[in-house]
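Inspection log for the structure reproduced underneath, given as structure tokens.
Just so you know, all these numbers are worked out from the coordinates, no wet-lab data involved. On a predicted model such as this, the values are computed, not experimentally measured, just so you know. As a convention, Cβ positions derive from the backbone with ideal geometry for all residues, glycine included, and neighbour counts pool all protein chains shown.
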Amino acid sequence: MPQCSRDYALLGRDARLAEEIGLVSARWYHTDVPRKEMKALMQRHDGPAIRDTAILFAAMIASAAGGIAFWPGWASVPFWAVYGVLYASAMDSRWHECGHGTAFRTRWMNDALYQLACFCMMRNPVLWRWSHTRHHTDTIIVGHDPEIIAMRPAVVARLVLNLFGIFEFAGNARAMLSLAAGRMSEEDRSFVPESERPAAYRIARIWLAIYAGVAAIALATGSVLPFMLVGLPVFYGSWHMVLTGYMQHLGLAENVLDHRLNSRTVLINPVSRFIYWNMNYHVEHHMFPMVPYHRLKDLHERIRHDLPPAHPSMLSAYREILPALARQFSDPDWFVKRALPPTAKPYRPEFHGDLEPGQPTPGIGGYAAPPPGAALPAE
Amino acid sequence: MPWIKACAASEIDEEDLVRFDHAGRSFAVYHSPDGEFFCTDGLCTHEDVHLADGLVIDYVIECPKHNGQFDYRTGEAMRAPVCKDLGTYPVKVENGDVLIEVPA
């Protein structure tokens, strides 16, 4: 098995090398869209998000009420199944969209839903806002993007445990305790400005007090029910977030400056689109993060001529992802390079579009080289 | 500092902006919803992205890369990830032209 010496640490060797070869805070490829059209697509409205948030809250209240009414019988299970996905998956997409500030036109509405979603996901709102900022600056740049989920080779246990929220909970709970104690890790300090850190500490302390309150109620009532409503949904409701989230970048290129090479658009069913708030249009979102979730389908129609074809289903996406992850165990430089339609502008070397599957990133040493004379399989 | 013609007033839609480069620097010239004109530095203080590709919402310019927001009348940074204010410059309209007073 070839050795893989990628260093995903935010302050590690590859972080420095990526900077040296111009991959950091770089100019990225964008499909040409006339300013007037882009302005129309970027326009903010409160209506769609108010409607969706009302539906979400109503569904959460109804499912929680059903879960409580039938607790602790088996009849409560379907209600918790719905509540969990809304709490720990739909709130992930609300965290994301409101973090961008694009869900609502009215600022306080974005901020309010952002705070609530962060609490549900147990993601410190300061830490995760800045982490996601970096993810958009240096998308899947090794050593710079803190949101790379699958390293090469992938840590299978981590990917599986994430389906039950375990890995993310462990990280977020550790961060909450650490921040509540007034400490931030060196890696986190690399992307959170000093002026923002006190807010991170303050919120962690408030959350800790809330969880202590929930624990007190659970002890007083002798029931785990309070935690079924607050906290535990992260374990039993994250699976939808994970299944959709894994489609975003897994198996695609690292260290490129063209979102067509490192992001994936997948057409999914309307229920999942509601839960995921249209983030299945992921190439479009990364290329134009100003466009609100409710216009991403329109943006997709506008620029699809310049993008690899969207996967028609989640199944299709996973048929691409899983073999790629498997292959990266023997060839960590392998990735799926999706073909562009004839109407698209080709991948360009200045955006590292000449990086080929099985080849190491030029300028970053230490990656495994393919065996001499090895043929590169077509996609 | 000299007054420089940035563009014709008619070139900027209301609630929009244009990019203006001068003497090696980039500026952003805005047309507010109530018909006034303003000028700021053209690059976001967070990561040197041109604000001209961003969105004007009332008196706010939103950066196209990370959605940081500034009040373009004062340059005040309003929303993370921007923490540092934008520089602002005097503007006047004469004979249908937008003039800005910027360093030569």
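For residue B:15, which of the numbered conditions (1) in contact (Cβ under 8 Å) with a residue 40 or more places away in the chain; (2) under 9 Å from the mean Cα position of the chain (by Cα) fails to hold?
Among (1) in contact (Cβ under 8 Å) with a residue 40 or more places away in the chain; (2) under 9 Å from the mean Cα position of the chain (by Cα), residue B:15 violates only (2).
Select from region B:64-104 the residues that are without any contact (Cβ under 8 Å) to a residue 24 or more places away in the chain and under 11 Å from the mean Cα position of the chain (by Cα) and write down the one among them that is farthest from residue B:14 (Cα to Cα). If you could, list the steps in order and put the result at the bottom.
First, pick out the residues of region B:64-104 that are without any contact (Cβ under 8 Å) to a residue 24 or more places away in the chain: B:64-67, B:69, B:71, B:74, B:76, B:78-80, B:94-95.
Narrowing further to those that are under 11 Å from the mean Cα position of the chain (by Cα): B:71, B:74.
On the way: B:71: 16, B:74: 18 Å.
Among them, the one singled out is B:74.
Testing residue B:66 on (1) in a strand (DSSP E or B); (2) surrounded by 23 or more Cβ atoms within 10 Å (Cβ to Cβ); (3) not hydroxyl-bearing (Ser, Thr, Tyr), one condition comes back false. Which one is that?
(1)
Condition check ((1) within 8 Å of another protein chain (Cβ to nearest Cβ); (2) among the charged types (D, E, K, R)) across all residues:
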position: B:44; (1), (2): no, no
position: B:47; (1), (2): yes, yes
position: B:60; (1), (2): no, no
position: B:79; (1), (2): yes, yes
position: B:84; (1), (2): no, yes
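Among the helices (runs of 4 or more DSSP H) contained in region A:215-261, which hold 1 or more residues that are of a type in the set (A, V, I, L, M), more than 30 Å from residue A:27 (Cβ to Cβ) and within 18 Å of the chain's Cα centre (by Cα)? Can you show your working first?
Details: elements: A:225-229, A:233-236, A:239-245.
Result: A:233-236, A:239-245.
If you check residue A:37 against the conditions, is it assigned to a helix (DSSP H, G or I), of a type outside the set (S, T, N, Q) and under 30 Å from residue A:187 (Cβ atoms)?
For residue A:37, the condition - assigned to a helix (DSSP H, G or I), of a type outside the set (S, T, N, Q) and under 30 Å from residue A:187 (Cβ atoms) - is not met.
Before we move on, is residue B:56 surrounded by fewer than 20 Cβ atoms within 10 Å (Cβ to Cβ), part of a strand (DSSP E or B) and facing chain A (nearest Cβ under 10 Å)?
On the way: surrounded by fewer than 20 Cβ atoms within 10 Å (Cβ to Cβ): no; part of a strand (DSSP E or B): yes; facing chain A (nearest Cβ under 10 Å): yes.
Here the answer is no, as residue B:56 does not meet what is asked.
Within region A:99-141, track down each residue that is at the interface with chain B (Cβ under 9 Å from one of its Cβ atoms), buried (at least 22 other Cβ atoms within 10 Å of the Cβ) and not in a helix (DSSP H, G or I).
Once the filter is applied, which keeps residues that are at the interface with chain B (Cβ under 9 Å from one of its Cβ atoms), buried (at least 22 other Cβ atoms within 10 Å of the Cβ) and not in a helix (DSSP H, G or I), region A:99-141 yields A:101, A:102.
Failed condition for residue A:27, given (1) surrounded by 14 or more Cβ atoms within 10 Å (Cβ to Cβ); (2) within 14 Å of chain B (Cβ to nearest Cβ); (3) touching a residue at least 24 places away in the same chain (Cβ under 8 Å), with all others met?
(1)
Consider residue B:6 carefully, then state whether it is surrounded by fewer than 19 Cβ atoms within 10 Å (Cβ to Cβ), more than 9 Å from chain A (Cβ to nearest Cβ) and either farther than 20 Å from residue A:41 by Cβ or among the charged types (D, E, K, R) (or both). Outline the logic, then answer.
Values: surrounded by fewer than 19 Cβ atoms within 10 Å (Cβ to Cβ): no; more than 9 Å from chain A (Cβ to nearest Cβ): yes; either farther than 20 Å from residue A:41 by Cβ or among the charged types (D, E, K, R) (or both): yes.
Judged against the criteria, residue B:6 is not a match.
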